[in-house]
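Here's the structure, in structure tokens; my notes come after.
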Amino acid sequence: MYTGLKHFHSGLAYLLLAALIVAVMYAIVSRRKPFTAGSRKIALIGLICTHLQFVLGIVLYFLSPLGSSNFSGEAMKEKVSRLYIIEHPLMMLIAIVLVTIGYSRIKRLGSDSKKYNSIIVFYGIGLLLMLSVIPWKVWP
Ligand code: HEM
Ligand code: HEM
């Protein structure tokens, strides 16, 4: 169970980062064009990968020896264990909230260029936050 989930979380990370990069790039090149159903679908793929990764991450947090079971003052002092216990989960949560806000604003905003801008800004910042707390020593 743990090993399977860990691989799923690790593999989905590729798909998720690719989906967010594609969504931001697409929004940048299309921002003067009409916002179509296809434009929304591209953003939706990024949103679904993000939400799925979040659920996997939460479950993994309680199964992994690097997650909640490692929580202690000692572990907080150590860079790598602190990354898994607090920095990775918390920063990812913030990034996920930003991506979700970016997507849900699409439905409310009036003009097409504002919709594209919402993706560029919210998905873009979310992506940067994600990149900042990926455990680069063990991944890819
Ligand atoms: C949505 C954005 C996220 C991305 C892109 C992401 C990405 C990653 C990556 C690349 C790894 C390394 C996997 C490996 O060792 O091969 C990892 C590990 C881990 N992630 Fe995430 N993660 C995300 C969200 C979360 C969240 C929200 C949580 C917890 C609430 C979480 C908990 C963990 C844990 C506990 C590990 C360590 C697993 C282990 O090696 O035992 N992740 N994550
Ligand atoms: C605890 C887990 C989850 C939470 C708290 C959560 C939360 C949310 C929220 C707040 C929205 C609203 C965004 C909006 O305003 O449109 C949303 C939309 C969505 N979520 Fe999640 N989600 C979770 C898990 C998942 C999972 C596991 C999936 C699928 C793999 C998923 C797929 C979607 C999709 C497809 C939408 C967009 C629906 C639409 O087209 O408007 N979510 N989620």
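Read-outs throughout are calculated quantities, based only on the coordinates presented, and are distinct from any laboratory measurement. Since this is a predicted model, take the numbers as computed values, not measurements. When we count neighbours, we look across all protein chains shown, and the Cβ atoms used for this are built from the backbone with ideal geometry, even at glycine.
Hey, any hits in the range 38-54 for a residue that's touching a residue at least 24 places away in the same chain (Cβ under 8 Å), exposed (fewer than 14 other Cβ atoms within 10 Å of the Cβ) and over 19 Å from Gly11 (Cβ atoms)?
No, the range 38-54 contains no residue that is touching a residue at least 24 places away in the same chain (Cβ under 8 Å), exposed (fewer than 14 other Cβ atoms within 10 Å of the Cβ) and over 19 Å from Gly11 (Cβ atoms).
Regarding the range 15-31, can at least one residue be identified that is of a type in the set (S, T, N, Q), closer than 15 Å to Tyr116 by Cα and either within 16 Å of the chain's Cα centre (by Cα) or not in a helix (DSSP H, G or I) (or both)?
No, because not a single residue in the range 15-31 is of a type in the set (S, T, N, Q), closer than 15 Å to Tyr116 by Cα and either within 16 Å of the chain's Cα centre (by Cα) or not in a helix (DSSP H, G or I) (or both).
Conditions (1) within 16 Å of ligand 2 (Cβ to nearest atom); (2) of a type in the set (Phe, Trp, Tyr); (3) within 12 Å of Tyr103 (Cβ to Cβ), marked per residue:
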site: Phe8; (1), (2), (3): yes, yes, no
site: Ala13; (1), (2), (3): yes, no, no
site: Tyr26; (1), (2), (3): no, yes, no
site: Gly46; (1), (2), (3): yes, no, yes
site: Thr50; (1), (2), (3): yes, no, yes
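Those residues that are touching a Phe, Trp or Tyr at 6+ places or on another chain (Cβ under 9 Å) and among the β-branched types (Val, Ile, Thr), I need them from the range 51-99; list them, please.
Ile85, Ile86, Ile96, Val99
Could you please find all residues in the range 103-140 being under 12 Å from the mean Cα position of the chain (by Cα), part of a helix (DSSP H, G or I) and free of Cβ contacts under 8 Å to residues at least 60 places away in the same chain?
Phe122, Ile125, Leu128, Leu129, Ser132
So how many residues does the range 7-34 have that are within 15 Å of ligand 1 (Cβ to nearest atom) and without any contact (Cβ under 8 Å) to a residue 24 or more places away in the chain?
Counting residues in the range 7-34 that are within 15 Å of ligand 1 (Cβ to nearest atom) and without any contact (Cβ under 8 Å) to a residue 24 or more places away in the chain gives 3.
Looking only at the range 35-59, count how many residues are more than 12 Å from ligand 1 (Cβ to nearest atom) and either of a type in the set (A, V, I, L, M, F, W, C) or assigned to a helix (DSSP H, G or I) (or both).
So the count comes out to 10.
For Ile86, all conditions in the list (1) away from ligand 2 (no atom under 14 Å from the Cβ); (2) in contact (Cβ under 8 Å) with a residue 12 or more places away in the chain; (3) in a helix (DSSP H, G or I); (4) within 24 Å of Lys6 (Cα to Cα) hold save one; what is the number of the exception?
(2)
Yes or no: Ser81 free of Cβ contacts under 8 Å to residues at least 24 places away in the same chain, more than 16 Å from ligand 2 (Cβ to nearest atom) and surrounded by 14 or more Cβ atoms within 10 Å (Cβ to Cβ)?
For Ser81, the condition - free of Cβ contacts under 8 Å to residues at least 24 places away in the same chain, more than 16 Å from ligand 2 (Cβ to nearest atom) and surrounded by 14 or more Cβ atoms within 10 Å (Cβ to Cβ) - is met.
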